[in-house]
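Okay, structure first, notes after.
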Amino acid sequence: IFVSPASSTVTICSGTSASLTATTSSTNELTWYDVQTGGTPQVLTYNIPYTTPALSSNKTFYVAARTIGCSNESLRVPVNVIINNISPGVIGTSQEICFGTKPIKFTSTTVATASGTISYQWQKSTVNNDSSYSDISGEISEDYVESSILNQTIYYRRIATSTLNGVACSEVSNAITVTVNPLPNPP
(Lines give C-alpha, C1' and ligand atoms only; values in the text may rest on other atoms or scores of the structure.)
Protein backbone atom coordinates (compact mmCIF):
# COMPACT_ATOMS: atom_id res chain seq x y z
CA ILE A 1 0.00 0.00 0.00
CA PHE A 2 1.75 3.13 -1.24
CA VAL A 3 1.43 6.73 0.02
CA SER A 4 2.99 9.76 -1.62
CA PRO A 5 2.77 13.08 0.30
CA ALA A 6 2.44 16.20 -1.84
CA SER A 7 5.42 17.55 0.10
CA SER A 8 7.58 16.24 2.93
CA THR A 9 7.71 19.75 4.42
CA VAL A 10 4.98 22.38 4.67
CA THR A 11 5.68 25.89 5.98
CA ILE A 12 2.94 28.00 7.59
CA CYS A 13 2.65 31.17 9.66
CA SER A 14 2.47 30.74 13.42
CA GLY A 15 -1.09 30.39 14.70
CA THR A 16 -2.49 29.07 11.42
CA SER A 17 -3.46 25.60 10.18
CA ALA A 18 -1.68 23.53 7.56
CA SER A 19 -3.42 21.69 4.75
CA LEU A 20 -1.59 18.38 4.31
CA THR A 21 -2.12 16.31 1.21
CA ALA A 22 -0.99 12.93 -0.02
CA THR A 23 -2.10 10.49 -2.67
CA THR A 24 -2.65 6.77 -2.78
CA SER A 25 -4.54 4.46 -5.11
CA SER A 26 -8.25 5.13 -5.45
CA THR A 27 -9.12 2.05 -3.40
CA ASN A 28 -7.08 3.17 -0.39
CA GLU A 29 -7.84 5.55 2.44
CA LEU A 30 -5.33 7.92 3.97
CA THR A 31 -4.95 7.88 7.72
CA TRP A 32 -3.20 10.83 9.39
CA TYR A 33 -1.46 10.56 12.76
CA ASP A 34 0.47 12.96 14.97
CA VAL A 35 2.82 10.18 16.20
CA GLN A 36 5.07 7.80 14.27
CA THR A 37 3.74 4.61 15.86
CA GLY A 38 0.55 3.86 17.76
CA GLY A 39 -1.78 6.74 18.51
CA THR A 40 -5.28 7.48 17.35
CA PRO A 41 -5.97 8.24 13.68
CA GLN A 42 -6.63 11.93 13.12
CA VAL A 43 -8.74 11.51 10.02
CA LEU A 44 -9.64 8.96 7.38
CA THR A 45 -9.87 10.37 3.88
CA TYR A 46 -9.69 9.47 0.24
CA ASN A 47 -6.97 11.80 -1.02
CA ILE A 48 -8.63 14.79 0.69
CA PRO A 49 -6.38 17.29 2.48
CA TYR A 50 -6.06 16.99 6.24
CA THR A 51 -6.28 20.36 8.00
CA THR A 52 -4.22 20.49 11.16
CA PRO A 53 -5.22 22.46 14.22
CA ALA A 54 -3.66 25.94 14.51
CA LEU A 55 0.04 25.44 15.27
CA SER A 56 2.62 27.64 16.99
CA SER A 57 5.60 25.26 16.94
CA ASN A 58 7.10 22.81 14.45
CA LYS A 59 5.23 19.49 14.27
CA THR A 60 5.54 16.26 12.31
CA PHE A 61 2.43 14.43 11.12
CA TYR A 62 2.42 10.94 9.62
CA VAL A 63 0.26 9.47 6.88
CA ALA A 64 -0.41 5.82 6.10
CA ALA A 65 -2.55 4.07 3.54
CA ARG A 66 -5.08 1.36 4.19
CA THR A 67 -7.66 -0.62 2.32
CA ILE A 68 -10.78 -2.11 3.83
CA GLY A 69 -9.59 -4.77 6.25
CA CYS A 70 -5.87 -4.16 5.58
CA SER A 71 -3.45 -1.49 6.63
CA ASN A 72 0.25 -0.86 6.50
CA GLU A 73 0.69 1.27 9.60
CA SER A 74 4.40 0.43 9.81
CA LEU A 75 4.95 2.54 6.69
CA ARG A 76 3.79 5.90 8.02
CA VAL A 77 5.29 8.65 5.91
CA PRO A 78 6.34 11.84 7.78
CA VAL A 79 5.20 15.31 6.73
CA ASN A 80 6.95 18.10 8.64
CA VAL A 81 5.11 21.33 9.38
CA ILE A 82 7.58 24.20 9.85
CA ILE A 83 6.36 27.31 11.64
CA ASN A 84 7.43 30.70 10.32
CA ASN A 85 7.45 32.86 13.46
CA ILE A 86 7.71 36.66 13.38
CA SER A 87 7.82 39.14 16.24
CA PRO A 88 7.63 42.71 14.87
CA GLY A 89 9.70 44.32 17.61
CA VAL A 90 8.95 47.65 19.21
CA ILE A 91 9.58 50.98 17.50
CA GLY A 92 10.59 54.05 19.49
CA THR A 93 8.32 56.17 21.58
CA SER A 94 5.83 58.85 20.76
CA GLN A 95 7.14 62.39 20.20
CA GLU A 96 5.89 65.96 20.45
CA ILE A 97 7.21 68.47 17.97
CA CYS A 98 6.46 72.03 16.96
CA PHE A 99 4.39 72.86 13.89
CA GLY A 100 6.58 72.95 10.76
CA THR A 101 9.38 70.71 12.09
CA LYS A 102 10.40 67.06 11.66
CA PRO A 103 10.42 64.26 14.24
CA ILE A 104 13.65 62.56 15.25
CA LYS A 105 14.60 59.20 13.72
CA PHE A 106 12.37 56.21 14.59
CA THR A 107 14.43 53.24 15.77
CA SER A 108 13.75 49.83 17.28
CA THR A 109 13.75 49.66 21.06
CA THR A 110 13.20 45.90 20.69
CA VAL A 111 14.42 44.34 17.44
CA ALA A 112 12.20 42.20 15.26
CA THR A 113 12.91 38.46 15.37
CA ALA A 114 11.90 35.80 12.88
CA SER A 115 12.40 32.25 11.68
CA GLY A 116 13.15 33.48 8.17
CA THR A 117 14.58 36.52 6.41
CA ILE A 118 13.14 39.79 7.75
CA SER A 119 11.98 42.67 5.59
CA TYR A 120 10.23 45.89 6.60
CA GLN A 121 7.64 48.38 5.38
CA TRP A 122 6.93 51.65 7.21
CA GLN A 123 3.42 53.08 7.20
CA LYS A 124 1.78 56.29 8.40
CA SER A 125 -1.69 57.69 8.91
CA THR A 126 -3.49 60.76 10.21
CA VAL A 127 -5.89 58.44 12.09
CA ASN A 128 -4.75 55.56 14.28
CA ASN A 129 -6.83 52.67 12.96
CA ASP A 130 -5.67 49.68 10.94
CA SER A 131 -7.55 50.51 7.74
CA SER A 132 -6.23 54.06 7.48
CA TYR A 133 -2.48 53.31 7.30
CA SER A 134 -0.70 53.50 3.96
CA ASP A 135 2.79 52.44 2.93
CA ILE A 136 5.52 55.06 2.84
CA SER A 137 7.07 54.57 -0.58
CA GLY A 138 10.61 53.16 -0.49
CA GLU A 139 10.81 53.02 3.33
CA ILE A 140 11.87 49.43 3.89
CA SER A 141 14.66 49.77 6.46
CA GLU A 142 14.60 48.82 10.12
CA ASP A 143 14.76 52.53 11.07
CA TYR A 144 12.95 55.48 9.53
CA VAL A 145 13.64 59.20 9.21
CA GLU A 146 10.68 61.38 8.24
CA SER A 147 11.79 63.64 5.40
CA SER A 148 8.70 65.86 5.42
CA ILE A 149 7.98 68.81 7.66
CA LEU A 150 4.82 68.04 9.65
CA ASN A 151 1.87 70.34 10.19
CA GLN A 152 -0.50 67.82 11.80
CA THR A 153 -0.36 64.83 14.15
CA ILE A 154 0.77 61.66 12.36
CA TYR A 155 0.82 58.01 13.46
CA TYR A 156 3.62 55.64 12.36
CA ARG A 157 4.07 51.88 12.46
CA ARG A 158 6.28 49.26 10.85
CA ILE A 159 5.30 45.94 9.29
CA ALA A 160 7.91 43.21 9.74
CA THR A 161 7.72 40.26 7.35
CA SER A 162 9.52 36.94 7.74
CA THR A 163 10.02 34.90 4.57
CA LEU A 164 10.84 31.23 5.10
CA ASN A 165 10.69 28.55 2.39
CA GLY A 166 8.82 30.98 0.15
CA VAL A 167 6.11 31.67 2.76
CA ALA A 168 5.78 35.29 3.96
CA CYS A 169 4.29 36.03 7.39
CA SER A 170 3.79 39.59 8.64
CA GLU A 171 3.17 41.28 11.97
CA VAL A 172 2.61 44.96 12.75
CA SER A 173 4.62 46.84 15.37
CA ASN A 174 3.24 49.20 17.93
CA ALA A 175 2.06 52.57 16.62
CA ILE A 176 3.85 55.73 17.68
CA THR A 177 2.29 59.18 17.64
CA VAL A 178 4.02 62.34 16.55
CA THR A 179 1.94 65.12 18.06
CA VAL A 180 2.34 68.45 16.29
CA ASN A 181 1.90 71.40 18.65
CA PRO A 182 0.92 74.77 17.20
CA LEU A 183 3.35 77.65 17.36
CA PRO A 184 2.45 80.33 19.89
CA ASN A 185 0.94 83.54 18.61
CA PRO A 186 3.47 86.36 18.32
CA PRO A 187 3.31 88.98 21.09
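The values are calculated or read from the model by the stated rules, or taken from the named source; none is laboratory data. This structure is a prediction, so every number in the text was calculated from the model and none was measured. Cβ sites come from the backbone with ideal geometry, for glycine too, and all protein chains shown count toward neighbours. Surface accessibility is based on the protein's heavy atoms, side chains included, excluding ligands, DNA and RNA. Shrake-Rupley method; radii C 1.70, N 1.55, O 1.52, S 1.80 Å.
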Original post:
Is it the case that some residue within region 62-79 is within 16 Å of the chain's Cα centre (by Cα) and among the aliphatic types (A, V, I, L, M)?
Top reply: no
Subject >> Filter result for residue 83 (of a type in the set (A, V, I, L, M, F, W, C), under 20 Å from residue 164 (Cα atoms) and surrounded by 14 or more Cβ atoms within 10 Å (Cβ to Cβ)) >> reply: yes
**OP:** Six or more apart or on different chains, Cβ under 6 Å: which pairs go from a residue in region 75-96 that's in contact (Cβ under 8 Å) with a residue 12 or more places away in the chain to one that's acidic (Asp, Glu) and open to solvent by 50 Å² or more (accessible area, probe 1.4 Å)? Could you list them?
**Re:** 86/171; 88/171
Subject >> From the options 161, 179, 153, residue that is of a type outside the set (Asp, Glu), within 26 Å of residue 17 (Cβ to Cβ) and in contact with a Ser or Thr (Cβ under 6 Å, 6 or more places away or on another chain) >> reply: 161
**OP:** Give the residues of region 28-51 that are among the polar types (S, T, N, Q), at pLDDT below 80 and surrounded by 11 or more Cβ atoms within 10 Å (Cβ to Cβ), sorted by residue number.
**Re:** 28, 42, 45, 47
**OP:** Would you check if residue 93 is of a type in the set (Val, Ile, Thr) and part of a loop (DSSP other than H, G, I, E, B)?
**Re:** yes
**OP:** Mind listing whichever residues of region 142-159 are surrounded by 12 or more Cβ atoms within 10 Å (Cβ to Cβ) and more than 20 Å from the chain's Cα centre (by Cα)?
**Re:** 143, 144, 145, 146, 150, 153, 154, 155, 156
Original post:
What number goes with the only condition from (1) at pLDDT 95 or above; (2) in a loop (DSSP other than H, G, I, E, B); (3) surrounded by fewer than 16 Cβ atoms within 10 Å (Cβ to Cβ) that residue 103 does not pass?
Top reply: (3)
Original post:
Out of (1) closer than 27 Å to residue 85 by Cβ; (2) more than 17 Å from the chain's Cα centre (by Cα), the odd one out for residue 102 is which?
Top reply: (1)
Original post:
Of the residues that make up region 132-141, is at least one more than 22 Å from residue 85 (Cβ to Cβ), open to solvent by 90 Å² or more (accessible area, probe 1.4 Å), part of a loop (DSSP other than H, G, I, E, B) and of a type in the set (S, T, N, Q)?
Top reply: yes
Original post:
Among (1) of a type in the set (A, V, I, L, M); (2) modelled with pLDDT under 90; (3) open to solvent by 40 Å² or more (accessible area, probe 1.4 Å), which single condition is residue 54 missing?
Top reply: (2)
Subject >> Which listed residue is touching a Cys at 6+ places or on another chain (Cβ under 9 Å), outside any loop (DSSP other than H, G, I, E, B) and open to solvent by 50 Å² or more (accessible area, probe 1.4 Å), from 119, 170 >> reply: 170
